[in-house]
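Undergrad: Structure provided below as structure tokens; questions to follow.
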Amino acid sequence: DGDILGSAAAFIQTSDELRPALDALLGNTVLVRDRAAAKRLRDALPGMRLVTLKGEVFRPDGLIQAGKETRAATLGRTREKRELVEGLGAANTALESLYETLNRLAAEISGAQKEISTRETKLSEARKRLNETTSAEQQAGLAVESARRQRDWQAGQKDTLKTELAQSEKDSSRANAELDEVEEKLDEAQVKMRGLNGEMAALALDELQSQVTYWGARVQVSERTVADGRARRVEREQFIESVLARIASARRRVDEVDGAFVRLEEEKASLLKQEGELQSQIEVFSLKIEPAEAALAAAEQEETDLQSRETEAQRALAQIERYNSQAQIELNRKQEALESLRRRIEEDFGLVQFDYHTDVSGPVPLPLGEMVEQLPVVTELSPDLDDSLNQKRAQLRRMGAVNLDAQQEFESVRERYDFMTTQVEDLKQAEIDLRQVIAELDELTKREFFKTFELVATEFKGIFTRLFGGGSARLVLTDPDNLTVTGIDIEARLPGRREQGLSLLSGGERSLTAISLVFALLKVSPTPVCVMDEVDAMLDEANVGRFRDLLTELGKDTQFIIVTHNRNTVQAADVIYGITKGRDTTSQVISLRLDELSDEMLGGNRG
């Protein structure tokens with residue numbers, strides 16, 4: 001058939017020592033072209049596993065496995081072993097180069113660790129293949145056990161067949177004896193018929209015809225009996241031959257399974273040996289890496305110390321630069337102050353001319369002319385006197401003109417200062433009193449809020465249970481430690497359901513829960529008027545009935561104005577207002593006071 005590409009084992013390249021194991025695993029696997037060919041050949045190849053080019057597997061038991069991504073051949077261990085040996089050589093070279101320079105130590109250790117990770121991955125793959133081989137071994141063991149049970153059953157069948165064969169031989173012998181006896185009787189009948197032919201002339205025609213008919217019937221019965229016996233003997237012989245063929249086939253199958261089991265045991269031992277070798281190589285790598293890692297850790301520690309010292313040096317340098325900048329600024333400031341002081345000294349101590357000019361304002365000069373005339377003549381002034389005179393002149397110049405209103409201004413400023421000080425003290429005391437009042441109000445607000453919250457929560461539980469006909473609900477503070485900013489959550493448990501938040505309820509359930517909270521608030525603190533807009537829109541008739549009963553009960557203390565389209569809610573109203581279209585197509589408001597309707601009016605309407 002052109003759709004059969006061949007045995008799956010023929011497409012896998014492997015060594016001669018692994019070929020028997022491969023044949024045992026894939027001996028009953030056939031590679032076909034596509035899914036249609038697999039479906040067509042499944043009945044023609046019973047007991048065979050059919051695999052398409054897309055990876056679809058048609059198992060003998062009728063199961064179909066979808067295709068998977070291709071992966072490495074399960075038994076390609078020779079190539080992997082060669083790659084492992086080459087990889088180990090590269091790793092050894094990399095490990096030897098670790099001792100050359102300290103600068104390359106970290107990179108090469110990373111490479112070695114990566115190589116070890118690769119080896120561990122391959123070791124995991126080898127273990128996986130070992131597990132697969134173990135699984136195949138278990139399956140082979142199950143197949144062997146099944147074959148053994150089949151063989152035992154066939155042995156029992158063989159014994160049964162032997163017994164039946166012996167019985168058949170007895171029946172055959174008995175049939176042969178009967179056949180011989182019938183043949184003898186047939187011969188006797190033929191002899192008698194020949195004798196009858198000689199006596200035909202002497203006997204009457206009717207009697208002769210009767211005897212011929214009788215003996216003819218006896219001959220036909222005997223011939224039929226002989227034919228039936230021969231047919232049964234042929235069937236027995238064919239059955240015995242088929243049983244012997246099945247026994248031989250079962251023995252061959254058992255021998256094949258035993259051989260495959262032995263090969264799997266050998267392959268398992270080989271894989272365990274390879275696993276041990278890989279584990280030893282990994283341990284060798286680990287021993288070589290440990291000193292390199294220690295050296296790398298020492299180098300990293302030294303680098304860390306150097307970086308710390310460099311950081312400290314940079315910090316000290318930055319601090320020195322900052323001190324230098326501050327010192328430079330301070331030096332400039334001192335130089336400016338020194339220059340200013342030098343100018344003041346020059347002005348104060350007579351290094352410049354202090355004669356008054358016309359554009360300089362100051363106190364009116366004293367009339368010293370006459371006083372100077374009365375003084376003795378001084379021919380020479382001492383240097384100390386000149387310095388003292390210049391200093392006094394400078395002091396007078398700095399003092400400026402005398403403020404004659406200074407005392408009055410001082411009194412005014414001191415009076416205003418005393419007034420402002422008194423005002424500040426009053427404000428501070430008012431602040432203290434106000435803070436105390438705020439604290440008292442906060443405490444009172446907290447007490448009243450908590451008290452009201454407890455009352456509302458209690459009423460809410462009862463009204464919720466009443467409206468829902470069971471269940472429970474509670475109000476929860478989101479921040480019980482801070483009652484001034486806390487929020488309130490609702491946790492409800494409907495009849496026959498677990499506790500859940502308000503957002504998980506249906507529209508009607510949320511409406512009924514909100515109504516429960518509003519009614520609880522009205523019970524704790526009734527208001528004169530309460531307006532509700534279609535709060536019963538999503539309620540069924542049973543819930544509307546309970547809502548109407550509570551509405552009637554609360555209507556004793558509160559007047560309810562309800563916008564609704566529900567006739568059951570309307571039945572609880574005392575006054576009904578409606579909007580209708582008049583004859584001129586304009587909207588008209590109509591009202592109806594139900595409490596004014598008398599029984600006679602209602603009865604007349606009914607009549």
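The values are calculated or read from the model by the stated rules, or taken from the named source; none is laboratory data. None of the values given here were measured: they were computed from a predicted structure. Note: ideal-geometry Cβ built from the backbone for every residue, glycine included; neighbour counts use all protein chains shown.
Yes/no matrix, rows are residues, columns are (1) at pLDDT 75 or above; (2) closer than 30 Å to Arg343 by Cβ:
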{"residue": "Val378", "(1), (2)": "no, no"}
{"residue": "Asp384", "(1), (2)": "no, yes"}
{"residue": "Leu389", "(1), (2)": "no, yes"}
{"residue": "Ala401", "(1), (2)": "no, yes"}
{"residue": "Asp418", "(1), (2)": "yes, no"}
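Undergrad: Which residue is nearest to Thr452 (Cα to Cα), if the candidates are limited to the range 472-482 and must be surrounded by fewer than 16 Cβ atoms within 10 Å (Cβ to Cβ) and touching a Ser or Thr at 6+ places or on another chain (Cβ under 8 Å)?
TA: Looking at residues that are surrounded by fewer than 16 Cβ atoms within 10 Å (Cβ to Cβ) and touching a Ser or Thr at 6+ places or on another chain (Cβ under 8 Å), I get Pro480.
Undergrad: Output the residues belonging to the range 550-571 that are of a type outside the set (S, T, N, Q) and within 53 Å of the chain's Cα centre (by Cα).
TA: Within the range 550-571, Leu550, Leu551, Glu553, Leu554, Gly555, Phe560, Ile561, Ile562, Val563, His565, Arg567, Val570 qualify.
Every residue, every condition in (1) in a helix (DSSP H, G or I); (2) polar (S, T, N, Q); (3) surrounded by 11 or more Cβ atoms within 10 Å (Cβ to Cβ), yes or no:
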site	(1), (2), (3)
Arg251	yes, no, yes
Val254	yes, no, yes
Lys268	yes, no, yes
Gly276	yes, no, no
Glu290	yes, no, no
Asp305	yes, no, no
Ala316	yes, no, no
Asn332	yes, yes, no
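Undergrad: Is at least one residue of the range 536-555 exposed (fewer than 13 other Cβ atoms within 10 Å of the Cβ), in contact (Cβ under 8 Å) with a residue 24 or more places away in the chain and touching a Gly at 6+ places or on another chain (Cβ under 8 Å)?
TA: Taking every residue of the range 536-555 in turn, at least one turns out to be exposed (fewer than 13 other Cβ atoms within 10 Å of the Cβ), in contact (Cβ under 8 Å) with a residue 24 or more places away in the chain and touching a Gly at 6+ places or on another chain (Cβ under 8 Å).
Undergrad: Another question, if that's okay. Among Thr552, Thr527, Thr513, which is over 22 Å from Gly469 (Cα atoms) and either among the β-branched types (Val, Ile, Thr) or not assigned by TED's automatic domain parsing to the domain that holds Phe449 (or both)?
TA: Thr527
Undergrad: Which of the numbered conditions does Val589 fail, given that it passes all the others? Conditions: (1) in contact with a Phe, Trp or Tyr (Cβ under 7 Å, 6 or more places away or on another chain); (2) of a type outside the set (S, T, N, Q); (3) outside any loop (DSSP other than H, G, I, E, B); (4) surrounded by 15 or more Cβ atoms within 10 Å (Cβ to Cβ).
TA: Evaluating Val589 over (1) in contact with a Phe, Trp or Tyr (Cβ under 7 Å, 6 or more places away or on another chain); (2) of a type outside the set (S, T, N, Q); (3) outside any loop (DSSP other than H, G, I, E, B); (4) surrounded by 15 or more Cβ atoms within 10 Å (Cβ to Cβ) leaves (4) as the failure.
Undergrad: What residue, of Val535, Val518, Val524, is among the aliphatic types (A, V, I, L, M) and closer than 19 Å to Lys451 by Cβ?
TA: Only one candidate qualifies: Val524.
Undergrad: All but one of (1) at pLDDT below 90; (2) under 21 Å from Gln571 (Cβ atoms) hold for Val531; state the number of the condition that does not hold.
TA: All conditions are met except number (1).
Undergrad: Take Arg343 and decide whether it is surrounded by 10 or more Cβ atoms within 10 Å (Cβ to Cβ) and at pLDDT 75 or above.
TA: no
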